[in-house]
Structures are given as structure tokens and as C-alpha cells.
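These notes concern the structure reproduced below.
The values are calculated or read from the model by the stated rules, or taken from the named source; none is laboratory data. Note that the coordinates shown come from a computational prediction; the quantities given were computed from them, not determined experimentally. As a convention, Cβ positions derive from the backbone with ideal geometry for all residues, glycine included, and neighbour counts pool all protein chains shown.
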Amino acid sequence: MRLRIYISIFATIGVFSARADDDLPKRLNFDRYQGMLDHSPFAVASAVVAPAATPNFAKDLYVTSAAKAPDCDMVTIASTGEKEFKKFLTTCGGPVDGYAIASIEWSDKVGETKVTISKDGQFATLTFNQQLITQPLPNRPAPGVVPAPQPGIPKPGQNPGIVAPTPHVRGTIQRNPQPQVSTPPPSAEQ
């Protein structure tokens, strides 16, 4: 009886192992894919050398003023590198030394207007120079600063040759005038 059990076990194992050999695919040779690798549309192309970067023509440029007019807009650009560089551009005129206005994005806030200019087919968007906007004007002191007296300039009212006119002063106006209520005198009838 034992012999029959062993024979049935070995026969079952032999059937399953033969079946398992048929189910597993054979390993293929990788050389069969060589033709696809050689002519693949997804192959890595050889590295393309980038052209030398052209210098940015507007690297140091900024807008100094911009104005709207009924027939055309005007913009003045300057350079932080060259102090003498200043171009006056208009939308109604042609290019000035190759510089032309492509578009203007107007803003109601001071210094927020953006101007796109072009030169030789290149475009750049310029803004106002924020450092110059925040600086006080040379003839005006910064807010909250009292200017020091300058020698040789008389203070107002100190020049005896000129009589300053007296300023017109308006009287004080009450905001909520109270009506005057007269109270009757105390009566003598008691």
C-alpha cells in the first residue's frame, strides 16, 4: 500500500512539473531588438550645441517718463550704465536708433507702468527705476526733513526792502451752533 501512495505522489509531481515547463515562456535573445534600437524614433539625439547667448540689449535700460496723448503715447528710456544714453520714443513715430515701442501697460500707481520695447527683432519689458522713484528730488527735502538754512538766502520776513502782504485770515465758524433758548424769569406768583 505504501508503494502505491509513493507512486501516485511521484506521478502527480511529474504531471505538474511537465505542465509547468510548458506554461513558462522561453527566454528570448536580446539581439532580436537590435534593429529597433538602431532606428528608434525615441532614441536620444546627439547633443545640440546652443548658440552663444546674445547680449541683452535692454539689460541696463529703464523708463524715466511715460505720457499719454490723444494721438500717440510718449516714453523716455535711459540707461544705468551710460549716463548720456536717453531715447525719446513715441507710438506715432518710427524707431529711434533701432528702438521702438511695442506696447505699453498703463497703471494708475506711480512707477507701475510697463513698456515693451523692441530693437533688431528682440523684445524687452522695461519698468521705472524704483531706486530713482524712492529718492527725494535734489531741490526738495525728503518728507519730514526740515531743510537747513542756507547762507546768503534771507528767511521770509527778514528782507527789510520787501514788505510781505498780510495774509487774509478767516474767522472761526462754529460747527453746530446752539440756538439760544431764553428762559422766562421766575414767576412771582407763588
For segment 81-119, which residues satisfy the criterion of being closer than 16 Å to Tyr62 by Cβ and among the aromatic types (Phe, Trp, Tyr)? Phe85, Phe88, Tyr99
Check on Lys59, at pLDDT below 85, under 30 Å from Thr127 (Cα atoms) and charged (D, E, K, R): yes
